[in-house]
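Here the structure is laid out as structure tokens; the discussion comes afterwards.
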Amino acid sequence: MTDAALVARYPFLPGSSDLLGDLRPSLQDLVSDPGYEPVRHLAREEVIAALGAKRGPEGSAPSTFDAAKPEERILSFLYSRMLVAVAPSSQRVARRWCEGVASSAASQLGRPGAPPEEWTGLASSLDLEVIPAEGSSGHLSFALPSYCRLSSSLREDRFRLARQDLRRGWVDVAPALGVELLEEGVRAYLSDEVALLRLDPELQSGIKEREAELLSRVSALAPAYTPGGFGGVLRPDLFPPCMKQIRSSLDHGQNVPHAGRFALASFMNKVGVEVDAIVDAYRGAPNFKEGLTRYQVTQIAHHDGGEGYTPPDCATMAANGICAKQLDEARPQLCADPGRVRNPLNYYRTRTRSSVRSSSSSTPPPTSDAGAPKTGDASEAPKVGAGAGTGEPNAAPATSTGPASTPSPDPARRTPAGAHRTA
Amino acid sequence: MGKTVALSGPSLELARASFLEYYRSHPPPLPSRFLRREFAYAPFSGTGMRRHLAMPSAEVFHRSLQEEVPRHLYYSSAYYEDPAHPIMVSKRWVGADLIFDLDADHLEDAGGLDYPGQLELVKRKFRVLVEDYLLRDFGLDATDVQLAFSGGRGYHAHVHKESFLGLSSAGRRELVDYLGGGGVDLSSYLYPSESLEKKAPGRRAAAKAAMEATSPEAAPVRSKARMPKSTMNELPRFPPPDAPGWKGRFSRSFFELLTGWEKMSVAEATQDILARAKRRGIETMRPGDAFTVARALLEEGKAAKVREYLVLDVGSKGKTGHRGVPISFIELILAEGAVLLQGETDAPVTTDIHRLIRLPGSLHGGTGFRVRPLEIDELREFSPMRDALLPDPTHGRTVEVRLGVAVDYPLGEQRVKGAEGEVLSLPLPHALFLILRGEGALDGPRVP
């Protein structure tokens, strides 16, 4: 498959705009030249389609886009990216858009009869080493590092390396799994691209002015994030037993291990507790330091563009010795049913829902008070956030490695030996 | 780093002088891409560590070693734009070697062993790591991997292959998890068509939860959770032993078990099956089941049949004429397989992309052993107690060491043995080993 054919189908690929050669307009022209109105029109449609696209076949690109010429597609993609970059709450919009574009690319890749060169060509332009597997099964072979790059962002067990056919540094996967991996490759590439895009302020306000209507539709399509999708009133009384126990230990001035502190902060953030109230929950802890705690809680809450860290799964909680399922007071016991509850969030979601169903007339206890009663005097800040890397899901690289990676403000270059991780 | 015993007086002087002499006569080579690496020294006195050092040349490096005489010497597995910058983010990470660290501290079965015994066990496991995983499964060439004895209680493998250097911490986690079979479902190997996922999502999730738990007790739970209710309708099947990845590994481990039984009589094999079941906590294994299986395998030729057709057909005739393999035996196979699923490498070392690691060629400040670079072929014969000992600059002159505890080590060509309070007359490297471990102190004036 030639580069041109590949780019025509996947106009977001790196180097695609090189194919425009002398036809490449300035960004200003792309924004305002009437000649590019058809391209801008295409881009608007495409952005709307991508944001509306849930993962799956229905997320395929609109038909006008399919009918467009390769140059138009490339230009339209460039303009889409600019639209996304200036959209209100652009991080959220960008994430949805990247997923949408990746998903539609995956439908293209997965269409019947897509030639293997198209897959390997796309992979190679994303700097991934992928070749058709031996035999005529349609399987793909991913070079080990390329596989790990992709699978590490995909949390389901079926992507785990140990489940794959790994032989001499190559991972053989069935076509369907291969498409999912490449979809992740596209998504990751696009989100890096969008994050790197810098438009000068004048251009930005130009786009905002011209595209006001579209941008308001975009906002509506990527609605404001409600943490964890938990609406309504907060119900600390329905928290899972592990979280109740951690809060209670903190209230009683007992030391809670790092994993527990992290779990509580990430959990409270996901169910919609404000940072201030989360910080309050730690006031009872020994050596509480407000500034540090606030910093760390904020890091957890703001991780991944405001999504926040997801609390550890129940199995991880158990492995860390902070699962408290024996204290589960739900009837029937939820913790005993790993089919329903594999993360503390499942527990809370299930209980709040059934509570709403069973007693829509009764008044739930009030609750902005997710924060703990302020007992105890003072204390070590929760070691949440920094150093979260080994166990917590989605740990950001910047906070993933403990002291060795913690910025050291001390130019005297002498730090306590215990603070280093060495091997 | 392990604990380092504080030294003082003549012991400190001797240790420091010996390290100085070593770094003068055996300057360690700089690692690959040294201009991009951070170096760090832990000194003999004090508790600090000098970090964020950059080495522009071998000459500067060797001079600084002789000036500072570090007790421990580290360098970063990572490459940075500006390795000397004191703020980590400002160093600007560009990549990192992929490191695997296997240490006696992390081996479950190392607990009851003495130091030489631990070293031997950890070496055996390290060879498996290198040969079965890094070379075979990961497809690395011997030239991509640098091995080293850590000088303490373990071994390091440094992978320098270009395509691995840019992997994020999460990508490295995937590799480390592979070593412990993270996410593997052994029973799906035996019953590929058994779709418990659809039949019992709760069970499936229980199995998954057990899988994700890192505690070893989880293993039997996992096997039971995925157990089919009956084996009547489907005989368990093994993947071909040369199948890729964990599938092949699982079969090979069962065939090894089988080979063991084939050397036994039916009675002995029955006893062995029962003993293993007991060890793995499989209480449902009845003597009758074990005997049925042993007899089928050894007398009815079923062992050969498994090898040839990969089908485990060792059941007894049931009332309806079907044959069922005792569930307890399936449980045993899975439990034995689950033993393989214990990743024993120190995972944080691999996933930490800013790690400081001992420089091969330097000295370990807790033993005086050399951090010995090793070729793969050398590994089999290598014995740290004999081969990692500091070269003796005095050629056999001895020093007097008063023992703080009773010791008994095979060290170099001799046996170092003595009771608490005893004074031993020892060659310098031997004396240093005891002194640095805190098991003895220099007695009397220092020998120059």
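The values are calculated or read from the model by the stated rules, or taken from the named source; none is laboratory data. Because the structure is a prediction, the values reported are computed rather than measured. Using ideal geometry, Cβ is built from the backbone for each residue, glycine included, and neighbour counts are taken over all protein chains shown.
Only residues that are of a type in the set (A, V, I, L, M, F, W, C), buried (at least 21 other Cβ atoms within 10 Å of the Cβ) and part of a loop (DSSP other than H, G, I, E, B): list them for segment B:236-274, please.
B:Phe238
Return yes when A:Phe239 is modelled with pLDDT of 80 or more and not β-branched (Val, Ile, Thr) and no when it is not.
Numbers: modelled with pLDDT of 80 or more: yes; not β-branched (Val, Ile, Thr): yes.
Yes: the conditions hold for A:Phe239.
Among A:Leu150, A:Leu154, A:Leu166, which is the only one that is within 11 Å of chain B (Cβ to nearest Cβ), part of a strand (DSSP E or B), closer than 27 Å to B:Gly181 by Cα and not β-branched (Val, Ile, Thr)? Spell out how you get there, then give the answer.
Details: A:Leu150 fails: part of a strand (DSSP E or B); A:Leu154 fails: part of a strand (DSSP E or B).
Going through A:Leu150, A:Leu154, A:Leu166 in turn, just one is within 11 Å of chain B (Cβ to nearest Cβ), part of a strand (DSSP E or B), closer than 27 Å to B:Gly181 by Cα and not β-branched (Val, Ile, Thr): A:Leu166.
Condition (residue is over 19 Å from B:Phe238 (Cα atoms), assigned to a helix (DSSP H, G or I) and of a type in the set (Ser, Thr, Tyr)) applied to segment B:303-311: is it met by at least one residue? Spell out the reasoning first.
At the first step, the residues of segment B:303-311 found to be over 19 Å from B:Phe238 (Cα atoms) are none.
No: zero hits.
Would you say A:Ala87 is modelled with pLDDT under 90, among the aliphatic types (A, V, I, L, M) and surrounded by fewer than 24 Cβ atoms within 10 Å (Cβ to Cβ)?
Working: modelled with pLDDT under 90: yes; among the aliphatic types (A, V, I, L, M): yes; surrounded by fewer than 24 Cβ atoms within 10 Å (Cβ to Cβ): no.
Answer is no for this residue.
When you go through B:Leu113, B:Leu121 one by one, which is the residue that is more than 14 Å from every other protein chain (Cβ to nearest Cβ), modelled with pLDDT under 95, outside any helix (DSSP H, G or I) and more than 23 Å from B:Gly248 (Cα to Cα)?
Numbers: B:Leu121 fails: outside any helix (DSSP H, G or I).
Unique residue meeting the criteria: B:Leu113.
Looking at A:Arg294, A:Arg261, can you tell me which residue is assigned to a helix (DSSP H, G or I), out of contact with any His (no Cβ under 6 Å at 6 or more places or on another chain) and surrounded by 22 or more Cβ atoms within 10 Å (Cβ to Cβ)? Talk me through it step by step, then tell me what you get.
Details: A:Arg294 fails: surrounded by 22 or more Cβ atoms within 10 Å (Cβ to Cβ).
Only one candidate qualifies: A:Arg261.
Evaluate the following for A:Arg283: is it assigned to a loop (DSSP other than H, G, I, E, B), away from chain B (no Cβ under 14 Å), without any contact (Cβ under 8 Å) to a residue 24 or more places away in the chain and not hydrophobic (A, V, I, L, M, F, W, C)?
Working: assigned to a loop (DSSP other than H, G, I, E, B): yes; away from chain B (no Cβ under 14 Å): yes; without any contact (Cβ under 8 Å) to a residue 24 or more places away in the chain: no; not hydrophobic (A, V, I, L, M, F, W, C): yes.
No.
Pull out all pairs, ordered by first then second residue, where Cβ-Cβ is under 7 Å, the residues are six or more apart or on different chains, the first lies in segment B:161-187 and is more than 7 Å from every other protein chain (Cβ to nearest Cβ) and touching a residue at least 60 places away in the same chain (Cβ under 8 Å), and the second is of a type in the set (Gly, Ala, Ser) and not in a helix (DSSP H, G or I).
B:Leu165/B:Gly95; B:Leu165/B:Ala96; B:Gly166/B:Gly95; B:Val176/B:Gly343; B:Leu179/B:Gly343; B:Gly180/B:Gly343
So is B:Val130 within 27 Å of B:His72 (Cβ to Cβ), touching a Ser or Thr at 6+ places or on another chain (Cβ under 9 Å), more than 7 Å from chain A (Cβ to nearest Cβ) and hydrophobic (A, V, I, L, M, F, W, C) or not? Spell out how you get there, then give the answer.
On the way: within 27 Å of B:His72 (Cβ to Cβ): yes; touching a Ser or Thr at 6+ places or on another chain (Cβ under 9 Å): no; more than 7 Å from chain A (Cβ to nearest Cβ): yes; hydrophobic (A, V, I, L, M, F, W, C): yes.
Here the answer is no, as B:Val130 does not meet what is asked.
So that you can scan it fast, the table gives a plain yes or no per residue for (1) among the hydrophobic types (A, V, I, L, M, F, W, C); (2) closer than 15 Å to B:Gly361 by Cβ; (3) modelled with pLDDT of 95 or more:
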{"residue": "B:Pro31", "(1), (2), (3)": "no, yes, yes"}
{"residue": "B:Phe39", "(1), (2), (3)": "yes, yes, yes"}
{"residue": "B:Ser45", "(1), (2), (3)": "no, no, no"}
{"residue": "B:Pro56", "(1), (2), (3)": "no, no, yes"}
{"residue": "B:Leu73", "(1), (2), (3)": "yes, yes, yes"}
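Which of the residues belonging to segment A:34-57 are surrounded by 12 or more Cβ atoms within 10 Å (Cβ to Cβ) and either modelled with pLDDT under 85 or on the phi > 0 side of the Ramachandran plot (or both)? Let's see the steps before the verdict.
To start, the set of residues in segment A:34-57 that are surrounded by 12 or more Cβ atoms within 10 Å (Cβ to Cβ) comprises A:36, A:38-53, A:55, A:57.
Across segment A:34-57, the qualifying residues are A:Gly52, A:Ala53, A:Arg55, A:Pro57.
Pick from B:Phe369, B:Phe382: which is of a type in the set (Phe, Trp, Tyr), more than 24 Å from B:Ala6 (Cα to Cα) and touching a residue at least 60 places away in the same chain (Cβ under 8 Å)?
B:Phe382
Is there any pair linking a residue in segment B:293-311 that is at pLDDT below 90 to one that is outside any loop (DSSP other than H, G, I, E, B) and among the acidic types (Asp, Glu), with Cβ under 7 Å and at least six apart or on different chains, and which?
These pairs meet every condition: B:Ala303/B:Glu262.
Looking at B:Val371, is it under 16 Å from the mean Cα position of the chain (by Cα) and at pLDDT 85 or above?
Details: under 16 Å from the mean Cα position of the chain (by Cα): no; at pLDDT 85 or above: yes.
So B:Val371 does not fit the description; no.
Looking for whichever is over 25 Å from B:Tyr79 (Cα atoms) and outside the structural domain of B:Phe39 (by TED's automatic domain parsing) here; the options are B:Tyr191, B:Tyr115. Which one fits?
On the way: B:Tyr115 fails: outside the structural domain of B:Phe39 (by TED's automatic domain parsing).
Going through B:Tyr191, B:Tyr115 in turn, the sole match is B:Tyr191.
With the condition being at pLDDT below 50, surrounded by fewer than 24 Cβ atoms within 10 Å (Cβ to Cβ) and charged (D, E, K, R), I'd like the helices (runs of 4 or more DSSP H) fully within segment B:145-223 carrying at least 1 qualifying residues. Outline the logic, then answer.
Working: elements: B:162-165, B:169-179, B:186-190, B:196-199, B:201-212.
Fully inside segment B:145-223 and qualifying: B:196-199, B:201-212.
Please count how many residues of segment A:326-349 are within 14 Å of chain B (Cβ to nearest Cβ) and not acidic (Asp, Glu). Steps first, please.
Going residue by residue through segment A:326-349, those that are within 14 Å of chain B (Cβ to nearest Cβ) are A:332-344, A:346-347.
Next, only the ones that are not acidic (Asp, Glu) stay: A:332-336, A:338-344, A:346-347.
Qualifying residue count, segment A:326-349: 14.
Give segment A:171-201 a look and list any residue that's surrounded by fewer than 23 Cβ atoms within 10 Å (Cβ to Cβ), within 14 Å of chain B (Cβ to nearest Cβ) and under 28 Å from B:Asp132 (Cα atoms), or say none.
Scanning segment A:171-201 gives A:Asp172, A:Val173, A:Ala174, A:Leu177.
Taking the condition of being closer than 24 Å to A:Arg24 by Cβ and polar (S, T, N, Q), how many residues in segment A:67-96 meet it?
Residues that pass the stated criteria total 2.
I'm checking my understanding of the structure. Among residues of segment A:138-147 that are in contact (Cβ under 8 Å) with a residue 24 or more places away in the chain and more than 7 Å from chain B (Cβ to nearest Cβ), which one is nearest to the chain's Cα centre (by Cα)? Before the answer, list the steps.
Within segment A:138-147, the first condition is being in contact (Cβ under 8 Å) with a residue 24 or more places away in the chain, and the residues that meet it are A:138-144, A:147.
Add one more test, that the residue is more than 7 Å from chain B (Cβ to nearest Cβ), and what stays is A:138-142, A:147.
Details: A:Gly138: 30, A:His139: 28, A:Leu140: 26, A:Ser141: 26, A:Phe142: 23, A:Tyr147: 19 Å.
In this case the residue turns out to be A:Tyr147.
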